[in-house]
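I have placed the structure first, in the form of structure tokens, so that the comments after it can refer back to it.
The values are calculated or read from the model by the stated rules, or taken from the named source; none is laboratory data. Note that this is a predicted model, so its numbers are computed, not measured. Here the Cβ positions follow ideal geometry from the backbone for every residue, glycine too, while neighbour counts run over all protein chains shown.
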Amino acid sequence: MSEYRIEKDSLGDVQVLADAFYGAQTQRAVQNFPISGLPFPRRFIQALGLIKQTAAKANRDLGLLDEEKANAIIHAAQRVIDGEFDAHFPIDIFQTGSGTSTNMNANEVIANLATEALGGERGSKLVHPNDHVNMSQSSNDVIPTAMHISAAVAIAHELVPALRQFHHALKAKADAFDDVLKSGRTHLMDATPVRLGQEFGGYAAQIWNSLRRMHNAVNELSELALGGTATGTGINRHVDFPRLAISYINESTLLGFVEADNHFEAQAAKDGFVMASGALNTLAVSLMKIVNDIRHLSSGPTSGLAEIKLPAIQPGSSIMPGKVNPVMCEAVMMVCARVMGNHTTITIGGQHGNFELNVMMPVMTHAMLESITIIAEACNAFHDNCLVGIEADRARCKELLELNPSIATALNAAIGYDKAATVAKKSAAERKSVRETAREMDLLTDEELDSYLNVREMTEPGIPGS
């Protein structure tokens, strides 16, 4: 048996591996773009298979594709959706900016699977990749449609559940730590008291806001370019094709996709995609703040803040015995940096919608899907290996709080800002508590100090002592 078979395209003969389900155009792309070794992610291949499957159903319903070929394509596309043939999608993401090579890759794989199912020989084009599998479509509307479907499904099915779990755990910590009084910090310097629960409540609110932004992102991605064909005009497709195809897409995804209001915008611009990436970028900023705070709050154990304790999950040094590091925080921080970099890639890619087509869609797709996956998995790993095991060191919080000179702020209403500042400076210089310093300066009675220096009251709105 020969190692290769000969296939033809509009440029001539091409040698294709005999056992490959792809054809001539895919083989040319493999040869032309040996750049990164990065293929399209699973989610995107799944979305391509779904588009081809639903297109076949729509074309069948419209009487454009005969029942036998349509059913063969539908079955073959399902196998692509299920991931059986990911190895037959070898094209690098750094390729033609329209993703035409990858659209043809899907067409060829599905056509060959369908051809064999109907008793034909692989490569014979009994089911034709262009005429049948790509019917009523163009790469120029298929690829942006697959971008939106894959990103929306990944956000809904991967990221949103991870964020909900993360938010729930932060909220639980906020409730558990609500009675822990500690020093607040602004500019990294001591500030008026807060409760540890309030800090974690702030983190929970950040994640809740990101969940809201993800909902908005999915809405932005809900408009599909399918039906615009080559330039947005809809040439070579039935007037009802996008409506029928998208209804089938919604049956499969359970998401509310709709036909784009303006196909020229949907194919030439990627603004909704950039916006969705912006929501991921904002989430990365939020997570960077949260895990960095947690990292600093746990620093120590003797020369840092050490107000919280993180689970010890692995040794922290190859040379220092007993050292344990905030490794989960650091892992999440690196993920955040990567997501921010991916957003820059997507932003630049979005700028290259030249006339009727964006020409940086493959790299935008890869960046988006990588960001969704790694930030979701980072949230899951941090939740399981760190967040749920965080404990408050109540004694340490109390120790630092008692030496916090900013507690003198509560004395403003009683002795004025200037005298309170003197108390704060003297307290810091002598490393004594504000209460002890004010008592030594004979500024207030013990009863008055008890009233004004009620630390719990300082963590709520109001004027101390009133």
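What to note about this one:
- Matching residues, the stretch 234-280, being part of a loop (DSSP other than H, G, I, E, B), of a type in the set (Gly, Ala, Ser) and either more than 13 Å from HIS148 (Cβ to Cβ) or outside the structural domain of THR344 (by TED's automatic domain parsing) (or both): GLY234
- If you go through the stretch 446-462 and keep only what is assigned to a helix (DSSP H, G or I), loosely packed, with under 13 Cβ neighbours inside 10 Å and not basic (Lys, Arg), you end up with ASP446, GLU447, ASP450.
Yes/no matrix, rows are residues, columns are (1) of a type in the set (A, V, I, L, M); (2) within 23 Å of PHE257 (Cβ to Cβ):
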residue	(1), (2)
THR145	no, yes
ILE149	yes, yes
GLU158	no, yes
LYS171	no, no
LEU188	yes, no
THR192	no, no
GLU220	no, yes
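- Filtered residue count, the stretch 154-183, keeping only those that are crowded, with 23+ Cβ neighbours inside 10 Å and closer than 30 Å to THR229 by Cβ: 2
- Sole exception among (1) within 30 Å of SER138 (Cα to Cα); (2) more than 41 Å from the chain's Cα centre (by Cα) for VAL359, by number: (2)
- Test result for CYS336, assigned to a helix (DSSP H, G or I), modelled with pLDDT of 95 or more and out of contact with any strand residue (DSSP E or B) (no Cβ under 6 Å at 6 or more places or on another chain): yes
- Residues within the stretch 389-401 that are surrounded by 14 or more Cβ atoms within 10 Å (Cβ to Cβ) and either in contact with a helix residue (DSSP H, G or I) (Cβ under 8 Å, 6 or more places away or on another chain) or not in a helix (DSSP H, G or I) (or both), tallied: 5
- Residues (among the aliphatic types (A, V, I, L, M) and closer than 20 Å to PRO39 by Cα) located in the stretch 97-130: MET104, ALA106, VAL109, ILE110
- One residue from LEU226, LEU221, LEU255, LEU211 being under 21 Å from ASP131 (Cα atoms) and not hydroxyl-bearing (Ser, Thr, Tyr): LEU226
- For beta carbons closer than 8 Å, sequence separation of 6+ or different chains, a first residue in the stretch 243-272 that is in contact (Cβ under 8 Å) with a residue 24 or more places away in the chain and a second that is of a type in the set (Phe, Trp, Tyr) and surrounded by fewer than 16 Cβ atoms within 10 Å (Cβ to Cβ), the qualifying pairs are ALA268/PHE355.
- Residues that are among the charged types (D, E, K, R) and under 16 Å from THR253 (Cα atoms), drawn from the stretch 33-87: ARG42, ARG43, LYS52, LYS57, ASP82
- Taking the numbered list (1) surrounded by 15 or more Cβ atoms within 10 Å (Cβ to Cβ); (2) charged (D, E, K, R); (3) in contact with a Pro (Cβ under 9 Å, 6 or more places away or on another chain) in turn, LYS419 passes all entries but (3).
- Residues being exposed (fewer than 13 other Cβ atoms within 10 Å of the Cβ) and part of a loop (DSSP other than H, G, I, E, B) - total across the stretch 422-445: 3
This table checks each residue for (1) in the same structural domain as SER101 (by TED's automatic domain parsing); (2) modelled with pLDDT of 95 or more; (3) within 14 Å of ASN105 (Cα to Cα); (4) basic (Lys, Arg).
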position	(1), (2), (3), (4)
TYR4	no, no, no, no
GLN25	yes, yes, yes, no
ARG28	yes, yes, yes, yes
GLN31	yes, yes, yes, no
GLY37	yes, yes, no, no
LEU48	yes, yes, yes, no
ALA56	yes, yes, no, no
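- Spans of helices (runs of 4 or more DSSP H) in the stretch 1-119 with at least 3 residues over 28 Å from ASP240 (Cα atoms): 24-32
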